[in-house]
Amino acid sequence: MRTLGRLLARNRLDLVAGLCDGILTALTLAAGKMAAVAAYIDIGLALRVACAAASSGAFMLFAAHYAQLRGELWEAEKQLNLTPHGRLADSQLGRAILLESAVGAVIGSAAGFGGAVVPLMVGAAAPGSGWLAIGVALVILAALGVYLARAVHGRPLRWAAALVLTGAALAELGIHLELI
């Protein structure tokens, strides 16, 4: 359990980005369906949206991490005056950053799947109550804001409000776009 805690603490960015991405993707894609009066969100739709959120999140997180870490290796090569560039990337360090990027992408992808599927499953479990699913998504964002504020010694109300307002704005956008 201690190892899991350290892994999650070390990958807080992946966890938070994945959760936010999953929730916001679900709100953007499915809010039109959730807000419709006689709309029905089925389990298949919930899983498809969650898979889409997880897939795009995994790619985004992997690419971002890998680019960041490769840039840091390049900077280290420059500071060490290594003339043949790419030596560190071809070493054990290069393989380590590839693995670290992949682990971050998996954590973020799983968090994105969870962030998207929870509110949508609420909508699937209670047919005709799509607004409840939107509310659940916003409550999760508020809780995440409080957690983040405490983790970085910020103001919980401000963090929660910022995330909830972002979620509400994307839900409104999703309602107007009616993507699903």
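The values are calculated or read from the model by the stated rules, or taken from the named source; none is laboratory data. Just so it is clear, the model here is predicted, and its values are computed rather than measured. Heads up, the Cβs are rebuilt from the backbone with ideal geometry, glycines too, and the neighbour counts pull from every protein chain shown.
Inspect all residues belonging to region 97-104 and state whether any of them is closer than 27 Å to A46 by Cβ and either of a type in the set (V, I, T) or crowded, with 16+ Cβ neighbours inside 10 Å (or both).
Here is the first cut: in region 97-104, the ones closer than 27 Å to A46 by Cβ are 102-104.
Subsequent filtering for residues that are either of a type in the set (V, I, T) or crowded, with 16+ Cβ neighbours inside 10 Å (or both) retains 103-104.
Yes - at least one qualifying residue is present in region 97-104.
Table: residues versus (1) in a helix (DSSP H, G or I); (2) in contact (Cβ under 8 Å) with a residue 24 or more places away in the chain; (3) farther than 27 Å from G44 by Cβ; (4) within 16 Å of the chain's Cα centre (by Cα).
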{"position": "G128", "(1), (2), (3), (4)": "no, yes, no, no"}
{"position": "A133", "(1), (2), (3), (4)": "yes, yes, no, no"}
{"position": "A142", "(1), (2), (3), (4)": "yes, no, yes, yes"}
{"position": "L148", "(1), (2), (3), (4)": "yes, yes, yes, yes"}
{"position": "G154", "(1), (2), (3), (4)": "no, no, yes, no"}
{"position": "L157", "(1), (2), (3), (4)": "yes, no, yes, no"}
{"position": "A161", "(1), (2), (3), (4)": "yes, no, yes, no"}
{"position": "V164", "(1), (2), (3), (4)": "yes, yes, yes, yes"}
{"position": "I180", "(1), (2), (3), (4)": "no, yes, no, no"}
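Please determine whether any residue of region 132-143 is surrounded by 15 or more Cβ atoms within 10 Å (Cβ to Cβ) and under 14 Å from G18 (Cβ atoms).
Yes, there is a match, as at least one residue in region 132-143 is surrounded by 15 or more Cβ atoms within 10 Å (Cβ to Cβ) and under 14 Å from G18 (Cβ atoms).
Of everything in region 10-40, what is surrounded by fewer than 24 Cβ atoms within 10 Å (Cβ to Cβ) and more than 23 Å from I175 (Cβ to Cβ)? Give them in sequence order.
If the condition is that a residue be surrounded by fewer than 24 Cβ atoms within 10 Å (Cβ to Cβ) and more than 23 Å from I175 (Cβ to Cβ), then R10, N11, R12, L13, L15, V16, A17 are the ones that fit.
If you scan region 70-81, which residues turn out to be touching a Gly at 6+ places or on another chain (Cβ under 9 Å) and either charged (D, E, K, R) or closer than 15 Å to G108 by Cβ (or both)?
R70, E77
Has region 78-97 got at least one residue that is closer than 18 Å to A17 by Cα, touching a residue at least 24 places away in the same chain (Cβ under 8 Å) and either in contact with a Pro (Cβ under 6 Å, 6 or more places away or on another chain) or in a helix (DSSP H, G or I) (or both)? Give the derivation first.
So in region 78-97, the residues closer than 18 Å to A17 by Cα come out as none.
No, that holds for no residue.
Which one is surrounded by the fewest Cβ atoms within 10 Å (Cβ to Cβ), of the residues in region 41-51 that are in contact (Cβ under 8 Å) with a residue 40 or more places away in the chain and not β-branched (V, I, T)? Before the answer, list the steps.
Going residue by residue through region 41-51, those that are in contact (Cβ under 8 Å) with a residue 40 or more places away in the chain are 41-43, 45-47, 49-51.
When the remaining residues are screened for being not β-branched (V, I, T), the result is 42, 45-47, 50-51.
On the way: D42: 12, L45: 17, A46: 23, L47: 16, A50: 23, C51: 15.
Ranking the candidates gives D42 first.
Condition test on I41, is it within 22 Å of the chain's Cα centre (by Cα), modelled with pLDDT of 80 or more and in a loop (DSSP other than H, G, I, E, B)?
yes
Please state which of the following conditions M34 fails to meet, knowing it meets all the rest: (1) of a type in the set (A, V, I, L, M); (2) closer than 22 Å to G167 by Cβ; (3) modelled with pLDDT of 90 or more.
If we test M34 against (1) of a type in the set (A, V, I, L, M); (2) closer than 22 Å to G167 by Cβ; (3) modelled with pLDDT of 90 or more, just (3) comes out false.
I'm told I107 meets every condition in (1) farther than 25 Å from M34 by Cα; (2) surrounded by 15 or more Cβ atoms within 10 Å (Cβ to Cβ); (3) free of Cβ contacts under 8 Å to residues at least 60 places away in the same chain; (4) of a type in the set (V, I, T) except one. Can you identify the failing condition by its number?
That leaves (3) as the condition not met.
Check whether at least one residue in region 24-37 is touching a Gly at 6+ places or on another chain (Cβ under 7 Å) and not in a helix (DSSP H, G or I), and report yes or no.
Yes: one or more hits.
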